[in-house]
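A.B. asks: Got a structure here, written out as structure tokens. Questions coming.
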Amino acid sequence: MVLKRNWAGNFQYSTTNWYEPESVKELQQLVARVKKLRVIGTRHSFNSIADSNENMISLQKLGKVLSIDPEKETVTVEAGIKYGDLCQVLQQHGYALHNLASLPHISVAGACATATHGSGNRNQNLASAVRAMEVITADGSIVTFSKEKSQDELNGAVVGLGGIGVVTKLTLDIHPSHQMRQDVYENLPLEQLKHDFDAIFSSAYSVSLFTDWRDEFFNQVWLKSKLTDDQSFSLGEDFYGSSAAKEELHPVPGVGAENCTAQLGVAGDWLDRMPHFRMDFTPSKGKELQSEYILDRKYAYKALCAISEIREHIAQHLLISEVRTIAEDELWMSPSYKQDSVAFHFTWQDNWAEVQKVLPLIEDKLEPFQAKPHWGKLFTTSPARIQSLYEKMPAFRELLLKYDPDGKFRNEFLNTFIFNEEM
Ligand SMILES: Cc1cc2nc3c(=O)[nH]c(=O)nc-3n(C[C@H](O)[C@H](O)[C@H](O)COP(=O)(O)OP(=O)(O)OC[C@H]3O[C@@H](n4cnc5c(N)ncnc54)[C@H](O)[C@@H]3O)c2cc1C
């Protein structure tokens, strides 16, 4: 049997034992029976976080919306659901999620487990929408984590890196559906961020800056604005020295915009504007690698200037880089724990031999700013360094040991980066 790979194809999972249970009961029996396992989402992580040497379980057959509670403004879903499918159902019922990642193709459980985020000064990451979570723990029993039961344990379990157990159900906050528009500007000078970083990033509901680091310019500014009654406002031709794009653009220079959500200020439903990429098309470039570092927003300009010092090293292996903001949260393993953050993302050419030489240069430059790597992307930061960056790391370890004392859900990634142990 052929070993499976992740979405990008850069990582090969270590076992051919894959299971796709069709019911929670079947899942419980499976969990109780096997000695070691990991759950997989839609395989969009770039590193070994989801891997198992023994058993991999996919919840792709458990992907339904279970209920919408209009009073509490929550939706409860089976954990295998993809955001794209959930968004369609929410929209039909007049609801929206507070934010989305750049792509709707990922599973809700997988995204929450790694603190996946979109952008927006006041938008927390996607996991912060979780109100309750049902998990099959190591002995096959079902445990509910909820705000009502223990806000603290919920905060610890949501960004769980797949280590607490198999998440089977999630209850998420929802909001009334709304329209949005997306406007793109070209060529924003880096220097403009020196005094205007906050103004630029608070000028729309969600803001992204893209650069190929070939110059001290951001090639594109993407503004996603929430529309209320007045849908016809004009943003103008000039935005902090950048100029309005005349046609729709893909963030990666030279790639056509057909895979991207509509731009040019055209109003549309929130689910068709919030992600950069359309559900029915390949997101991003496809053949690529990704890294991302998240740090305190107050260092944003200084840290960007530090990165700019090594931009020649970066540019030659890069497809595109994106800068986004994330609001602080209370989730223990979230890189934005108690810290309004900025995230520096890098989409690399598919050349790990070269990329792994550039990452330490970036990590050195970002070291003074305590940057934390994205849990689901590629990094070379040492386990000791990662552990020192998370105030709640000891509490998270205890939580894992409480619900999984024998390490059924532990893999090499968790042993290395959380427990600092060799397999
Ligand atoms: C093209 C592309 C664009 C991206 N854009 C963004 C972005 O805009 N913002 C961002 O922050 N990240 C982004 N990412 C990263 C991505 O969001 C994360 O890697 C995310 O974890 C992927 O979700 P997944 O469903 O593929 O999970 P997987 O990669 O399959 O798994 C991730 C983790 O979740 C765990 N897990 C999955 N399901 C369960 C479950 N039911 N119970 C317990 N644990 C579970 C796995 O064990 C693993 O530890 C992007 C990735 C790609 C490929």
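A.B. asks: Taking only pairs six or more apart or across chains, which ones have beta-carbon atoms under 9 Å, a first residue in the range 189-200 that is on the phi > 0 side of the Ramachandran plot, and a second residue that is at pLDDT 95 or above?
C.D. replies: From residues that are on the phi > 0 side of the Ramachandran plot, there are no pairs.
A.B. asks: Just one of Trp332, Trp352, Trp348 is in contact with a Gly (Cβ under 9 Å, 6 or more places away or on another chain) and touching a residue at least 60 places away in the same chain (Cβ under 8 Å); which is it?
C.D. replies: Every option except Trp332 fails the conditions.
A.B. asks: Test Gln339 against the criterion of being touching a strand residue (DSSP E or B) at 6+ places or on another chain (Cβ under 8 Å), surrounded by fewer than 22 Cβ atoms within 10 Å (Cβ to Cβ) and closer than 18 Å to Gln124 by Cβ, and give yes or no.
C.D. replies: Here the answer is yes, as Gln339 does meet what is asked.
A.B. asks: All but one of (1) touching a residue at least 40 places away in the same chain (Cβ under 8 Å); (2) more than 7 Å from the ligand (Cβ to nearest atom) hold for Ser102; state the number of the condition that does not hold.
C.D. replies: (2)
A.B. asks: Collect the residues in the range 307-317 that are part of a helix (DSSP H, G or I) and surrounded by fewer than 18 Cβ atoms within 10 Å (Cβ to Cβ), keeping them in residue-number order.
C.D. replies: Ser308, Glu312, His313, Ala315
A.B. asks: Take the conditions out of contact with any helix residue (DSSP H, G or I) (no Cβ under 6 Å at 6 or more places or on another chain), under 28 Å from Ser208 (Cβ atoms) and surrounded by fewer than 21 Cβ atoms within 10 Å (Cβ to Cβ) and apply them to Asp364. Does it pass?
C.D. replies: Answer is yes for this residue.
A.B. asks: Another one. Restricting attention to the range 67-97, which residues are within 14 Å of the ligand (Cβ to nearest atom) and either over 20 Å from Thr168 (Cα atoms) or part of a loop (DSSP other than H, G, I, E, B) (or both)?
C.D. replies: Result: Ala79, Gly80, Ile81, Leu97.
A.B. asks: Restricting to the range 1-54, count the residues that are within 13 Å of the ligand (Cβ to nearest atom), in contact with a Leu (Cβ under 7 Å, 6 or more places away or on another chain) and in a loop (DSSP other than H, G, I, E, B).
C.D. replies: Qualifying residue count for the region: 8.
A.B. asks: Enumerate the strands (runs of 3 or more DSSP E) found wholly within the range 111-215, keeping only those where 3 or more residues are buried (at least 20 other Cβ atoms within 10 Å of the Cβ). First the steps, then the outcome.
C.D. replies: Details: elements: 130-136, 142-146, 166-173, 179-189, 206-211.
Answer list for the range 111-215: 130-136, 166-173, 179-189, 206-211.
A.B. asks: Within the range 123-165, how many residues turn out to be at pLDDT below 95 and in contact with a Lys or Arg (Cβ under 7 Å, 6 or more places away or on another chain)?
C.D. replies: The number of residues fulfilling the criteria is 1.
The values are calculated or read from the model by the stated rules, or taken from the named source; none is laboratory data. Remember, predicted model here, so these are calculated numbers, not experimental data. Using ideal geometry, Cβ is built from the backbone for each residue, glycine included, and neighbour counts are taken over all protein chains shown.
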